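First comes the structure, then the notes that go with it.
The values are calculated or read from the model by the stated rules, or taken from the named source; none is laboratory data. All figures in this text were calculated on a predicted structure; none of them were measured in a lab. Glycine also receives a Cβ, built like all others from the backbone with ideal geometry; neighbour counts cover every protein chain displayed.
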Amino acid sequence: MKKGLFISIEGLDGSGKTSCILKIKEHFEKIGHQVVVLREPGGTPIGEKVRDILLDAKNTEMTDVAEMLLYASSRAQLFSQIIKPTLESGIIVICDRFIDSSVAYQGYGRGIAIDDVLAVNLTAIQNTLPDITLFIDIDPKTSLNRRFSVSETDRLENEKIQFHQRVYEGYLALCQRFTKRIKRIDGNGSIDHIYELMMIEINQCIEKE
């Protein structure tokens with residue numbers, strides 16, 4: 001790989017993103033690659049402060065547009081400070097959520113115009129999209145049940161099921177719109193099976209480079 005591989009992992013909370021990311025990281029490190037794992041929102045000192053504001057369950061008065069801009073601000077900082085220089089150094093970047101989360105949550109979930117969400121966020125990431133995006137497909141009720149059983153929920157997780165259903169449908173629409181980049185992964189099996197499906201797609205992406 002002439003430059004670092006940029007992988008983003010998408011899915012509803014409780015879909016198994018974190019476990020799969022750790023397995024992908026372990027795989028690439030075993031074969032001699034450097035890997036940086038990041039999360040959104042956050043990943044930088046500034047971004048983590050923004051994350052606290054965004055996910056604080058007490059911030060119920062936050063407007064939809066403010067929410068969108070805060071996510072984009074955190075993403076802009078993360079991209080400029082870490083993602084861009086890391087990729088330029090030939091290091092693999094795996095990001096737990098990226099631009100597609102904003103389109104799904106603030107676009108489809110909140111009802112902000114999709115083109116507006118894309119425009120703001122493409123500016124934030126200097127028009128640099130992941131080499132491959134893996135969407136773990138699991139229905140909202142199942143994902144939320146998993147999430148609620150683990151720990152206290154955040155501001156977005158506390159939204160009604162209808163919101164999460166719109167987000168899910170948004171992800172499906174993105175899979176249809178960006179077929180070359182976004183790969184839909186069946187999230188109903190074991191973590192090992194989901195990981196295996198992901199690695200098939202990642203290896204195919206690498207072969208095309």
Item to check | Pair list, Cβ under 7 Å, 6 or more apart: segment 164-176 residue within 15 Å of T142 (Cα to Cα) and of a type in the set (S, T, Y), other residue in a helix (DSSP H, G or I) and modelled with pLDDT under 95 | outcome: Y168/P140
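Every residue, every condition in (1) under 17 Å from the mean Cα position of the chain (by Cα); (2) farther than 20 Å from K183 by Cβ, yes or no:
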site: L5; (1), (2): yes, no
site: C20; (1), (2): yes, no
site: E40; (1), (2): yes, no
site: G43; (1), (2): yes, yes
site: I53; (1), (2): no, yes
Item to check | Within segment 111-177, helices (runs of 4 or more DSSP H) holding 3 or more residues that are of a type in the set (G, A, S) | outcome: none
Item to check | Residue that is in contact (Cβ under 8 Å) with a residue 12 or more places away in the chain and not in a helix (DSSP H, G or I), where the choices are I185, I202, I206 | outcome: I185
Checklist entry - How many residues does segment 159-183 contain that are under 11 Å from I132 (Cα atoms) and under 16 Å from the mean Cα position of the chain (by Cα)? => result 4
Item to check | Residue that is surrounded by the fewest Cβ atoms within 10 Å (Cβ to Cβ) [pool: residues in segment 22-38 that are in contact (Cβ under 8 Å) with a residue 24 or more places away in the chain and under 18 Å from the mean Cα position of the chain (by Cα)] | outcome: K23
Item to check | Failed condition for I161, given (1) among the β-branched types (V, I, T); (2) free of Cβ contacts under 8 Å to residues at least 24 places away in the same chain; (3) buried (at least 19 other Cβ atoms within 10 Å of the Cβ) | outcome: (3)
